[in-house]
Each structure stands twice: as structure tokens, then as C-alpha cells.
Amino acid sequence: QMESCQAYDSEQYAHCECVAKEKAPQKRQDILRKFYKKFSPDSIDKVEGLAKKADSVRKMASLMGKLVKKYYPDTIQRVKNPQAEMMEKLMKENKEKAKAETDTKDEESSEEHVPEEEVQEL
């Protein structure tokens, strides 16, 4: 478990954009404005009030979590694992190749099997 905490902390730090304490309120407002502009432009007038209420890291994180849930699924982008995507592609190609080979064999066997002519006695 300790390993996963370190990985989380590392990613969190890598994506953190630290700002001076006096600039934090403006940064929170900018983040909220950008969010509302993208997901709910009609509600952009709420930004200033929400930014004032979210006056700590914990409150801002809680607010963002609630907003992400509220505007889900638009707020979540699903990303395919590149290895899984490659494997799916290979499987599809193999399936298509096998089908093509089966179709070719079926055509060849139907050409080889020529019905015998009926012989009529005179």
C-alpha cells in the first residue's frame, strides 16, 4: 500500500501548479471560470461566489469533486490503454485474415466439386 501512496503523491506533485498564498483566490476563480465555461456556460455567474466559499485547499478539492460528479460523464475522458488497443487491433486483423482464408478455401472447394453430368441411356 505504501507504494501506491508514493505513486499518488508523485503524480499529484507533478501536476500541481503552486501559487503564492495571496494569488490563490484568483487562481481558484480562474480554475472555476474555465470549468464552467467548458461544462456549463450558463452558470458562469456563480464562479465568484463559489471561489470565495472555496477558500482553502480542502474546500476547493471538495467543490471540484462535486462539480466533476455533477457534470459527469462530460467531465471524464476515457483513455484506452495503448497496449490493450494494440492487442484489440491484432486480434481483429487475425480474425479478418482467418475469415479471408476460410472464404478462399470455400471458393476453391466449390470450384473443385463440379457435379457429374448425368448419363442417359439411349
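The values are calculated or read from the model by the stated rules, or taken from the named source; none is laboratory data. Bear in mind the structure is a predicted one, so any value in this text is a computation, not a measurement. Here Cβ is always computed from backbone atoms with ideal geometry, including for glycine, and neighbour counts include all displayed protein chains. For the accessible areas, the whole protein counts, side chains as well, though only heavy atoms, and no ligand, DNA or RNA atoms are used. Shrake-Rupley method; radii C 1.70, N 1.55, O 1.52, S 1.80 Å.
Give Ala84, Ala51, Ala61 a once-over and let me know the one that is open to solvent by less than 100 Å² (accessible area, probe 1.4 Å), farther than 23 Å from Lys38 by Cβ and in a helix (DSSP H, G or I). First the steps, then the outcome.
Numbers: Ala51 fails: farther than 23 Å from Lys38 by Cβ; Ala61 fails: farther than 23 Å from Lys38 by Cβ.
Sole residue among the options that is open to solvent by less than 100 Å² (accessible area, probe 1.4 Å), farther than 23 Å from Lys38 by Cβ and in a helix (DSSP H, G or I): Ala84.
Output the residue which, of all residues in the stretch 87-122 that are more than 46 Å from the chain's Cα centre (by Cα) and either under 30 Å from Lys38 (Cβ atoms) or of a type in the set (A, V, I, L, M, F, W, C) (or both), is modelled with the lowest pLDDT.
Val114
If a residue has to be within 26 Å of the chain's Cα centre (by Cα), under 26 Å from Glu22 (Cα atoms) and among the basic types (Lys, Arg) to count, how many in the stretch 39-86 make the cut?
So the answer is 1.
What number of residues in the stretch 25-45 are under 20 Å from Val68 (Cβ atoms), open to solvent by less than 90 Å² (accessible area, probe 1.4 Å) and either in a helix (DSSP H, G or I) or in contact (Cβ under 8 Å) with a residue 60 or more places away in the chain (or both)?
The total comes to 12.
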